Amino acid sequence: MTSLALDSAAAVAEEATLAALLRCSIREVAGPRGQVWHAGPYVLLRVAGALLRARAHGGLALRFQGSPEWLEDGCWQPLPADLLTRLVEAELGGGNEEFTAQVRASREAVAELLRARREAVPPADPWLASEQALVFGHPFHPSPKARGGPGKDTAGGAGEAGEALARGLGDGGSGGGPDWLAYAPEAHASFPLRLLAVRDDVLAEAGRTAPLDALGAAPPGYSLLPAHPWQLDLLAAELAAPLADGRLVDLGYGSRRAIPTSSVRTVYEPVTDRCLKFSLDVRITNCVRKNSWYELAGAVELTSRLEPVFRRLSEEFPGTRWLPEPGYRSADLGTRLLEGLGVIIRMSPWSVCRPGVTPVLSGALAAPGAPEDAAVPALAGAVAADPVRWWRAYVERVALPVLEAYLTHGVVLEPHLQNVLVGVDSTGMPVEAVFRDLEGTKLVAGRHDLRGLPRRVAEALTYDAAGGWNRVLYCLMVNHLPEVAATLCGTGPARELWAAAGEVLAGYAACRGWPRELSDLLAGAPLPAKANLSVRWTRSADRMAGYVPVANPLAVLS
Ligand SMILES: Nc1ncnc2c1ncn2[C@@H]1O[C@H](COP(=O)(O)OP(=O)(O)OP(=O)(O)O)[C@@H](O)[C@H]1O
Ligand SMILES: [Mg+2]
């Protein structure tokens, strides 16, 4: 690889890191202090006394053109990400010694991913290619691609294993890159799973787990348990005893390669044609990615409760699909291993889409280069031919079932960009929407009978009504639709798109007798935006995340 190539990866990583931090600064740091102004093509903000500016477009999505700048001695100078990090720290009063390292680790990771992608071949499967397209990750997170240790918050402990990994992130470059690259969807990784056998007296499972048995041959008296090889490394110390005394047996590697999806820890496994959601004791964005025991049980419980709900949703809104999580398996070897080895079985998107419909991760539609780079040529063609028609179909497929799930069924879906797939037909038009990830899917308290469930399982399955609606608004109206709209309208105005979205939503609201939630939304009430920088800054658990109000794109219509 030439040094020029290395340099350009570093430059693109710097640009992406700066852009993400600037978006967070506008939304969470300068915005709430009244220090953001829009003037012509620029957004200006003041952070720790410094005046910054960037040419911005894309509405809530805040896309930047050219280099963001800061005013130094009366002259506009390019703004480096390191300087913005220092300014944010100063504005917030200092005291978080991890923050700078996390932002830098994310920038290094992006550079590594860009280098690795030059030599890697994307999956031929367009769905998997879309899962592996999120090179820059969450656009409103200060360290979207850091894959580090658990840090010092209360969000769950990965212990020293995670810290060791955080060190691993820095030692990349030689010998094919750091270890985490071997598991990185953005580097088009694929790898065989490790197969364990669990002795039946310590088997923990619920629901429909039979597909896992097809992965290999467990010895008599044992059941097969696939494991993410990265997680096995992280759990090595805890696994030594049960492997030595025969409660677990290591059967080596599986026969076919699994393909990691956008969440990193969930993979597509081709022998079973299932997605497998593993625990991974690594912090990705705000969470150490552990399947808690109550989430393992909760996924199976929710799957049976949601079956009738989605049946009705798809009758009312044809094209509504979901990915059931009908079973989990683990080993009953104490909480650490029960959770650390727990794997949730999830249906695959192809298996729930109608023949002829191609699932594409919504997040891939928001990635730079979309929609042309989305591995479905017809999609770019359909968008180019009539963006408003395409968008209207998209909003109908994605938004209406989410609103109906909440209002009629008391179910809070989590439709952020990474949890939704749009199914496009052969002409590239949206005809289906696939909802996934039951960890973030909740039942509205008081609207479901949860008696009979263990208390912790019931708690983790529930939101109060206001919290649930907040979550719906954030995921759908802040995280998701504005990003897709920004892709569709490029640097142009989005007014026509939001007018169309307003019509679709108003049509639905009229059918439902204008519930208060929808009349507020359509009247342009400010929207709640999740405060990811603040979560990292205060080292809080993700579930404690606060929200800041942002402008509602539907407000321009009223
Ligand atoms: N716009 C976005 N909103 C939310 N997450 C995003 C976005 N873009 C990228 N991501 C990434 O997607 C992942 C979302 O995490 P989430 O908790 O939904 O997934 P998970 O529960 O780990 O796995 P799965 O989605 O397979 O169930 C994180 O890695 C996050 O950084
Ligand atoms: Mg998810």
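Just so it is clear, none of the values below were taken in a lab; they were calculated from the coordinates. If you're wondering where the values come from, they're calculated on a predicted model, not measured in any experiment. Virtual Cβ from ideal backbone geometry, glycine too; neighbours counted across all protein chains shown.
Of the residues L488, A500, G446, the one whose Cα sits farthest towards the positive end of the charge dipole of the range 352-557 is G446 (charges of +1 on Lys and Arg Cβ, -1 on Asp and Glu Cβ, taken about the Cα centre). Relative to the 2.2 N^0.38 Å rule of thumb, the range 391-443 has a C-alpha radius of gyration ratio of 1.16. Take every pair of alpha-carbon atoms less than 8 Å apart whose residues are at least six positions apart; their mean separation over the length of the chain yields a relative contact order of 14 percent. Per-residue packing, averaged as other Cβ atoms within 10 Å, sorts the ranges 493-504, 315-326 into the order 315-326, 493-504, beginning with the highest. The range 282-307 and the range 1-71 have their alpha-carbon centroids 34 Å apart.
Computed from backbone phi, the HN-Hα couplings of the range 35-45 come to 10, 10, 9, 10, 9, x, x, 9, 10, 10, 8 Hz, rounded to whole numbers (Karplus: 6.51 cos²θ - 1.76 cosθ + 1.60, θ = phi - 60°; Gly and Pro given as x).
Highest mean first, how do 236-246, 518-528, 122-132 rank when packing is the count of other Cβ atoms within 10 Å averaged over residues? Numbers along the way, then the final one.
Values: 236-246: 13.2, 518-528: 16.9, 122-132: 20.9.
In decreasing order of mean packing, 236-246, 518-528, 122-132 become 122-132, 518-528, 236-246.
Can you return the aspartates and glutamates within cross-link range of K442? Criterion is Cα-Cα under 16 Å, with same-chain partners fewer than 8 residues away left out. Here the aspartates and glutamates satisfying the reach criterion relative to K442 are E295, E301, E307, E325, E404, E414, E459, D464, D542. Peptides 94-101, 447-454 ranked from most to least packed give 94-101, 447-454, packing being the mean of other C-beta atoms within 10 angstrom over each peptide's residues. Taking θ as phi - 60° and the Karplus parameters 6.51, -1.76 and 1.60, the scalar couplings of the range 523-534 work out to 7, x, 4, x, 9, x, 10, 5, 9, 5, 4, 5 Hz in sequence order, x denoting glycine and proline.
If you take the square roots of the eigenvalues of the alpha-carbon gyration tensor of the chain and sort them as a ≥ b ≥ c, do you get rounded (a/c under 1.5), prolate (a/b over b/c) or oblate?
Numbers: a/c = 1.56, a/b = 1.20, b/c = 1.30.
Oblate shape, in that a/c is at least 1.5 and b/c is the bigger or equal ratio.
Amide H contacts of A529: V548, V550, each under 5 Å away and 5 or more positions distant or on a separate chain (H built 1.01 Å from N in the peptide plane; Pro and chain starts excluded).
Calculated from DSSP H runs of 4 or more alone, at -39500 (n - 2.57) each and per residue, what is the 222 nm mean residue ellipticity of the chain, nearest 500? Each step should come with its number before you reach the end.
On the way: 19 runs with 212 residues, N = 558.
Result for the chain: -11500 deg cm²/dmol, rounded to the nearest 500.
Each Lys and Arg contributes +1 and each Asp and Glu -1, all at the Cβ; summed about the Cα centre of the chain, the dipole is approximately 740 debye.
The length gained on full extension between Q77 and D373, counted as 0.36 nm times the residue separation minus their Cα-Cα distance, comes to 103.3 nm.
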